[in-house]
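The values are calculated or read from the model by the stated rules, or taken from the named source; none is laboratory data. Quick caveat: nothing in here was measured; it's all calculated off a predicted structure. Note that we place each Cβ from the backbone using ideal geometry, even for glycine, and neighbour counts take in every protein chain shown.
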Amino acid sequence: MEEFSEDTIKAGLETQIIGQKIYVYNKTSSTNDIAWSLAEKHNAEGTVILAEEQTKGRGRLGRTWFSLPQKCILCSIILKSNILSERLNLLTIGVSVAISKAVREATSLPAYIKWPNDVVIKGKKVCGILAEKRRTKTGFVVIGFGINVNLDEDDFPRDLCGKATSLKMECAKKVSRVEFAQKVLLEIEKMYLYLRKGEGNLLFDEWKEMSSILGKQVRVILQNEVVEGQALGIDPDGALILRLDSGISRRITEGTIDYAFCC
Ligand code: BTN
């Protein structure tokens with residue numbers, strides 16, 4: 001079996017900031033938790049935490065994140081928040097662009113972005129992204145993502161059947177997690193450098209090209225209501241702009257696109 005370790009990942013890593021320090025855990029509660037405890041100890045921007053297994057992986061909106069040992073990439077990165085803290089949606093968008101590009105380049109699979117944080121292949125989720133900020137003195141944000149790399153169809157619990165997929169299922173062969181992790185970290189660094197230089201607008205063209213919902217009629221589940229309309233695009237902070245059926249445009253910062261209703 002391929003060795004998934006700090007040494008093997010670093011061996012072919014072409015980044016300058018992200019992954020200068022890499023921790024690979026055999027088993028942990030959540031890589032985001034580890035990232036926060038390292039960030040509180042002033043570990044540097046760009047520190048990467050990976051785990052072979054998570055016992056309490058979490059997703060957006062209090063959901064749990066399903067994964068199986070040795071078959072996924074479960075990763076969190078500590079980034080600097082002084083440029084990004086008010087723009088977590090934009091960071092999520094940037095990471096979804098980076099991961100979609102990495103999937104396309106590594107596998108030639110048609111990866112698309114489903115706002116705000118999913119990477120999908122043929123309408124099924126292959127990756128989820130969770131950006132977190134906390135009121136700490138150190139001023140970091142943590143961006144966590146889970147990618148289904150080598151899961152088989154019967155690995156998924158019944159409630160995810162037909163909704164989730166893996167790279168292996170889509171390209172009918174095992175994918176090297178080491179090489180794919182290196183590619184993902186490189187693409188995330190390129191995107192992060194754009195954002196740091198204030199050139200986040202360069203992401204928008206890429207997002208448009210990779211969006212699975214742009215121009216489509218979608219249903220969005222919000223905290224206390226469900227709205228429907230045409231997805232017009234995203235604004236400079238990464239919020240979704242929806243033209244409601246009434247003709248009014250609405251800016252949506254947090255919500256979930258209903259899978260059953262689009263893509
Ligand atoms: C979502 O789609 O709701 C986001 C899922 C994010 C899952 C990843 S797995 C690595 C990192 N650690 C966690 O506990 N969550 C993120």
Subject >> Top-ranked residue in the stretch 43-63 [being more than 15 Å from the chain's Cα centre (by Cα) and not in a loop (DSSP other than H, G, I, E, B); ranked as farthest from the ligand (Cβ to nearest atom)] >> reply: Gly62
Subject >> Lone qualifier among Arg87, Arg134 - being farther than 15 Å from Ile188 by Cβ and within 15 Å of the ligand (Cβ to nearest atom) >> reply: Arg134
**OP:** Among residues belonging to the stretch 63-88 that are at pLDDT below 80 and in contact with a strand residue (DSSP E or B) (Cβ under 7 Å, 6 or more places away or on another chain), point out the one that is nearest to Leu195 (Cα to Cα).
**Re:** Leu84
Original post:
Quick check, is Gly238 buried (at least 20 other Cβ atoms within 10 Å of the Cβ) and part of a strand (DSSP E or B)?
Top reply: no
Original post:
Does Leu186 satisfy the condition of being of a type outside the set (Lys, Arg), in contact with a strand residue (DSSP E or B) (Cβ under 7 Å, 6 or more places away or on another chain) and modelled with pLDDT of 95 or more?
Top reply: no
**OP:** Would you check if there is a residue in the stretch 143-166 being within 16 Å of the chain's Cα centre (by Cα) and either part of a helix (DSSP H, G or I) or farther than 25 Å from Thr107 by Cβ (or both)?
**Re:** no
**OP:** Please verify whether the stretch 160-173 includes one or more residues that are closer than 19 Å to Lys101 by Cα, exposed (fewer than 14 other Cβ atoms within 10 Å of the Cβ) and touching a residue at least 12 places away in the same chain (Cβ under 8 Å).
**Re:** no
Original post:
Do we find a residue being surrounded by 13 or more Cβ atoms within 10 Å (Cβ to Cβ), touching a Ser or Thr at 6+ places or on another chain (Cβ under 9 Å) and not assigned by TED's automatic domain parsing to the domain that holds Glu189 anywhere in the stretch 243-252?
Top reply: yes
Original post:
Is it fair to say Trp36 is touching a residue at least 24 places away in the same chain (Cβ under 8 Å) and near the ligand (Cβ under 9 Å from one of its atoms)?
Top reply: no
**OP:** Could you please give the count of residues in the stretch 1-42 that are of a type in the set (Val, Ile, Thr), surrounded by 20 or more Cβ atoms within 10 Å (Cβ to Cβ) and assigned to a loop (DSSP other than H, G, I, E, B)?
**Re:** 1
**OP:** Report yes if Val126 is farther than 20 Å from Glu189 by Cα, surrounded by 21 or more Cβ atoms within 10 Å (Cβ to Cβ) and within 15 Å of the ligand (Cβ to nearest atom), otherwise no.
**Re:** yes
